[in-house]
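Input: a single structure, listed below in structure tokens.
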Amino acid sequence: AATMRSRWLLIIFGPALFMLLGSLAAMVFLPHPVPRTATPAQRLYLSNCATCHGARGDGSWRATVFLMRPGDLTDARRMDALSDEYLDTLIKNGGAALGQPGMPAFGYHLSDEQIRELMRYLRTLPRR
């Protein structure tokens, strides 16, 4: 009777556990969704930055899960204090070059024009 009960528990709870683990893995590892109506700059941001900085720029739960604290891009004072040269270097070469470990380099993935477009979009986040 005990083996029959354990088999039924496995049949009932096994798929539920599998679906739960699959859903958690999808939430953590799949990229941030990009709406069809997004502008090219928003597409760049959502595809490359939103995983850590969040869709609005104020941080994401994914970063919190991995104990990362990305900069708040909605803080107007902070963003105004960062020069375009600093942002360009940070995005292109990553944070390690500027003492901000954790920020990956995107210079191999994005062109200079895409980085400039992304910087213009970042400047609009505090004013939304």
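Within the stretch 97-128, the chymotrypsin sites (Phe, Trp or Tyr not before Pro) that combine a DSSP coil assignment with at most 12 other C-beta atoms in a 10 angstrom radius are Y108.
For the stretch 31-83, chymotrypsin sites (Phe, Trp or Tyr not before Pro) are listed when DSSP marks them as loop and at most 16 other Cβ atoms sit within 10 Å of their Cβ; the list is F66.
Overall, the accessible surface of the chain at a probe of 1.4 angstrom is composed of carbon and sulfur to the extent of 63 percent. Using the 1.4 Å probe convention, the accessible area of the stretch 16-128 works out to 67 Å² per residue with neighbouring protein chains retained. Using the Karplus relation 6.51 cos²θ - 1.76 cosθ + 1.60 with θ = phi - 60°, the per-residue 3J(HN,Hα) values for the stretch 65-82 come to 4, 9, 6, 9, 10, x, x, 7, 7, 8, 7, 4, 5, 5, 5, 5, 6, 8 Hz, with x marking Gly and Pro. Helices meeting the span-like rule in the chain (full DSSP H runs, Cα extent of at least 27 Å along the helix axis, mean Kyte-Doolittle score of -1.0 or higher): 2-29. Based on DSSP H runs of at least 4 residues, each adding -39500 (n - 2.57), what is the mean residue ellipticity at 222 nm of the chain after dividing by all its residues, to the nearest 500 deg cm²/dmol? Theoretical 222 nm ellipticity from helices: -17500 deg cm²/dmol.
The values are calculated or read from the model by the stated rules, or taken from the named source; none is laboratory data. None of the values given here were measured: they were computed from a predicted structure. Methodologically, a virtual Cβ is constructed for each residue, glycine included, from the backbone with ideal geometry; neighbour enumeration extends over all protein chains shown. Areas reflect the complete protein model, heavy atoms only, side chains present, ligands, DNA and RNA absent. Shrake-Rupley method; radii C 1.70, N 1.55, O 1.52, S 1.80 Å.
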